[in-house]
Amino acid sequence: YLELVEPVDEGSTVYALKKKGWTYYHVGYEVKDLQSALDLLRKKKFKLINMFQSEAFENRRCAFLISPEKHMIELIESASSA
């Protein structure tokens, strides 16, 4: 998926990241089994930031994680799993 985002105001997370010079926000990956993917990535030292139901993906479960190199990724539960 490619989702283009822009800051809604100066208080938004996207605004703060853009001000710091980030050229992209994160990369999203659709996964069949969200819990298994989380377990695997935690073993690889990824840190879970939060889990949520995403309006952008028909209220499917999603999770943001930070890699050991400080890159953010999003896991999106596949529609067949939801």
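The values are calculated or read from the model by the stated rules, or taken from the named source; none is laboratory data. Everything numeric here is computed off the predicted structure, so don't read it as measured data. Side chains included, ligands, DNA and RNA excluded: accessible areas come from the protein's heavy atoms. Shrake-Rupley method; radii C 1.70, N 1.55, O 1.52, S 1.80 Å.
Listing for the model above:
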{"item": "Extended-chain gain in nm, criterion 0.36 nm per residue less alpha-carbon gap, S78 and W22", "result": "17.4 nm"}
{"item": "Eligible lysines near K70 by straight Cα distance, threshold 17 Å, same-chain separation 8 or greater", "result": "K18, K20, K43, K44, K45, K47"}
{"item": "Karplus (6.51, -1.76, 1.60) ³J(HN,Hα), θ = phi - 60°, over segment 16-33, in Hz, Gly and Pro reported as x", "result": "4, 5, 4, 4, 7, x, 5, 8, 8, 8, 6, 10, x, 10, 7, 10, 6, 10"}
{"item": "Acute angle (nearest 10 degrees) that the helix 34-43 long axis makes with the longest principal axis of the chain, alpha-carbon atoms", "result": "70"}
{"item": "Accessible-area composition of the chain, carbon plus sulfur, in percent [1.4 Å probe]", "result": "53"}
{"item": "Residues of the chain: accessible area per residue with a 1.4 Å probe, Å²", "result": "74"}
{"item": "Antiparallel content of DSSP bridges confined to the chain, in %, to 5", "result": "70"}
{"item": "Calculated P(r) tail over 16 Å for the chain, as whole % of Cα pairs", "result": "55"}
